[in-house]
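The block underneath contains the structure these notes are about, expressed in C-alpha cells.
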Amino acid sequence: MTTLPGGTLTLGDRTVTRFGYGTMQLAGPGVIGPPADRAEALTVLRTAVEQGITHLDTSAAYGPHVTNRLIRDALSPYPDSLVIATKVGANRDGSGGWPTARTPTDLRDQVHQNLRDLGLERLDLVYLRMGDATGPQPDSITPALEALAELQQQGLIARLGLSNVTAEQVAEARTVAPIVAVQNLYNLATRSDDPLIDELAADDIAYVPFFPLGGFAPVQAEALSAVATRLGATPRGVALAWLLQRSPTILLIPGTSTTAHLIENIADTASALSDDDIAELDGIAYSRR
C-alpha cells in the first residue's frame, strides 16, 4: 500500500484519503456506454483500493449506469474503509446530453438506481447537482435538497453534498440540512471559488474540485509546464499538488482509465512545492476574487 499524498480528512463522520479517484473516465467516449477495455477498468478500481485510496466518486449518469456497475463488480463486498460518493440531479439523453432531473420523483428514482447499481443499502455520500452543463444557475436549492434530506432520514443516504453550486446556494442549503462536501469547478486557472473554499474550510466542510486541469490558455499551460519541468514531474501532478496545498479540506478525485496513469498521478502529486513554486503557480489564475 502506498503512502498517498495529502494524508486524510474527516468527511462528516468518516475519514477518507485526500487523494481519491473519480470514475467518470471509465465509461465509453462522451461518458456513454461501456469502456473499451473492461478488464483494465476493473483493474484500475482494484488498484486504487490496493494503493490505499478510500474515496471514490461516481454517478449513475456515467454510462449511464456503467461506472457504478463496474465499481460493484470490481470491489463488492466493499472494504469497511471505502466511501463511495455519487451525484444526482441530472440524467442522460439520447444525444449524450445531461438534462436536469431534480423533481422529488427524479431524485428518489436516481437514489434507488444508485443503490441497485452499486449493490448498497445506503449511499455514503450523495451530491445534489445543481445548474446545468454551462455551470451553476441561481435557482433555489431548497426543494430538491429537502427531497434528499427526506431520503436521508429514511436511512437511504448517510451524508449530503452539493455540486455545481453558487456560494449563495451553499448558504441556503446549510439552512436545510448538514452539508459535508461541495464539488465545483476549480483549478489553478479558474479560482472564482477561492472565498467559498476558505469559508467551507473554517467549518471543516470538504471542497472537491472537478476539471482540475481545465481552462488553461497556452501561456498559462506554459507556466505550469515550466514548474513541472523544474520539479521533474508532470504538469497534471503539479496542478494536483497545488490543489492539496491550497486548502487542508480539499479532496482530489483525479480520473483515469489506465492503471499506469493512476500510479503516475499518485507519484507526481507527491511533489513538494516550495514557496517560490506556489507563488509562480498562483500567477496562473485568470479569475480570482
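So the values come out like this:
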{"item": "In the stretch 121-134, residue nearest to Leu148 (Cα to Cα) [restricted to those that are without any contact (Cβ under 8 Å) to a residue 40 or more places away in the chain and in a loop (DSSP other than H, G, I, E, B)]", "result": "Arg122"}
{"item": "Of residues in the stretch 78-98 being free of Cβ contacts under 8 Å to residues at least 12 places away in the same chain and farther than 30 Å from Leu9 by Cα, the one nearest to the chain's Cα centre (by Cα)", "result": "Asp93"}
{"item": "Test: residue in the stretch 38-48 that is assigned to a loop (DSSP other than H, G, I, E, B) and modelled with pLDDT of 95 or more", "result": "no"}
{"item": "In the stretch 107-120, the residues that are in contact with a Leu (Cβ under 6 Å, 6 or more places away or on another chain) and either farther than 29 Å from Thr15 by Cα or outside any helix (DSSP H, G or I) (or both)", "result": "none"}
{"item": "Close pairs from the stretch 15-37: first under 16 Å from Ile253 (Cβ atoms), partner among the aliphatic types (A, V, I, L, M) and loosely packed, with under 15 Cβ neighbours inside 10 Å, Cβ under 9 Å, at least 6 apart", "result": "none"}
{"item": "Flag for Thr142 being touching an Asp or Glu at 6+ places or on another chain (Cβ under 7 Å) and modelled with pLDDT of 95 or more", "result": "yes"}
{"item": "Top-ranked residue of the stretch 123-155 - restricted to ones that are of a type outside the set (S, T, N, Q) and in contact with a Gly (Cβ under 6 Å, 6 or more places away or on another chain), ranked as farthest from Val180 (Cα to Cα)", "result": "Arg129"}
{"item": "Enumeration of residues in the stretch 188-240 that are charged (D, E, K, R) and under 23 Å from the mean Cα position of the chain (by Cα)", "result": "Arg191, Asp193, Asp194, Asp198, Glu199, Asp203, Asp204, Arg236"}
{"item": "Hits in the stretch 63-76 (condition: closer than 27 Å to Thr15 by Cβ and crowded, with 24+ Cβ neighbours inside 10 Å)", "result": "Thr67, Asn68, Leu70, Ile71"}
{"item": "Selection within the stretch 1-31 - hydrophobic (A, V, I, L, M, F, W, C), more than 19 Å from Ala158 (Cβ to Cβ) and buried (at least 16 other Cβ atoms within 10 Å of the Cβ)", "result": "Leu4, Phe19, Met24, Leu26, Ala27, Val31"}
{"item": "Filter result (β-branched (Val, Ile, Thr), within 19 Å of the chain's Cα centre (by Cα) and under 8 Å from Ile141 (Cβ atoms)) within the stretch 161-178", "result": "Val165"}
{"item": "The stretch 86-106, residues that are in contact with a Leu (Cβ under 6 Å, 6 or more places away or on another chain), under 14 Å from Gln152 (Cα atoms) and not β-branched (Val, Ile, Thr)", "result": "none"}
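Residues checked against (1) among the basic types (Lys, Arg); (2) out of contact with any strand residue (DSSP E or B) (no Cβ under 6 Å at 6 or more places or on another chain); (3) within 23 Å of Gly96 (Cα to Cα):
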site: Arg14; (1), (2), (3): yes, no, no
site: Met24; (1), (2), (3): no, no, yes
site: Pro29; (1), (2), (3): no, yes, yes
site: Gly33; (1), (2), (3): no, yes, yes
site: Val49; (1), (2), (3): no, yes, no
site: Arg69; (1), (2), (3): yes, yes, yes
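The values are calculated or read from the model by the stated rules, or taken from the named source; none is laboratory data. Please read these numbers as outputs of a predicted model, since none were measured by experiment. A quick note on method: Cβ atoms are made from the backbone with ideal geometry, for glycine too, and the neighbour counts reach across all protein chains shown.
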